[in-house]
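Report on the following structure.
Since every read-out is calculated from the coordinates, none of them should be taken as a lab result. Keep in mind that what you see is a predicted model, and the values were worked out from it rather than measured. Ideal geometry is used to build each Cβ from the backbone, glycine not excepted, and the neighbour counts take in all protein chains shown.
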């Protein structure tokens, strides 16, 4: 039986509701198709945004060049376990950096800057190649609808879920009509045209959540 992928951004129940299909109406073939569509659209959105959306734990190394802002690969940042200077082996005191104001956009802020490390050369002994000398262990992402519970509800924004619903419903309708490959058709005064390209509204929404 088809199963939702780990990065699926909606549930079978929700997409059936959007299609006007009763939750009690079970059709294994149709429901499998809907799951495949959910997985495909979700993978496209994740790829377009360039990051994972589901809540996960990460331990990653970063370059710090002495700047006050440290940009992490995943966001929103929910919590930080530690920021460790791998050159000294010391963990930076959490009171020295802030995640509460900038975590939603995926950055840590430190007024005195994050320590820089790299390879030095020349008369001025300047750094010519920075090292990934900061290790950050953190939790980032949204609680996806498929992972939600009463005590831990979904936090994935609805405008992202709406893209999945609309795109999956569009493809499903084309498959149901037997016109999945139809671009244009006309006979007498009747003309059918299906626009299967991503809607501009979807792309605009995706850009809001992507780091450009």
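Cα convex hull, the chain: 181 Å³ per residue, rounded to a whole number. The angle between the Cα long axis of helix 28-49 and the main principal axis of the chain comes to about 40°, on a 0 to 90 degree scale. GNM, the chain, Cα, under 10 Å: largest mean-square fluctuation among 137, 197, 167? So, out of 137, 197, 167, the one fluctuating most is 197. Take every DSSP beta bridge whose two residues both sit in the chain; close to 95 percent of them are antiparallel.
The rule of thumb for compact globular proteins, 2.2 N^0.38 Å, goes into the C-alpha radius of gyration of the range 56-140 1.10 times.
Normalising by the residue count of the chain, find the relative contact order in percent from Cα pairs under 8 Å and 6+ residues apart. Taking the mean separation of contacting Cα pairs over the length of the chain, I get 25 percent.
For the chain, the longest principal axis of the alpha carbon atoms and the long axis of helix 158-177 meet at an angle near 30°. Between residue 127 and residue 47, what's the calculated FRET efficiency when r is the beta-carbon distance and R0 is 30 Å? Round to 0.05. Efficiency for this residue pair is about 0.30.
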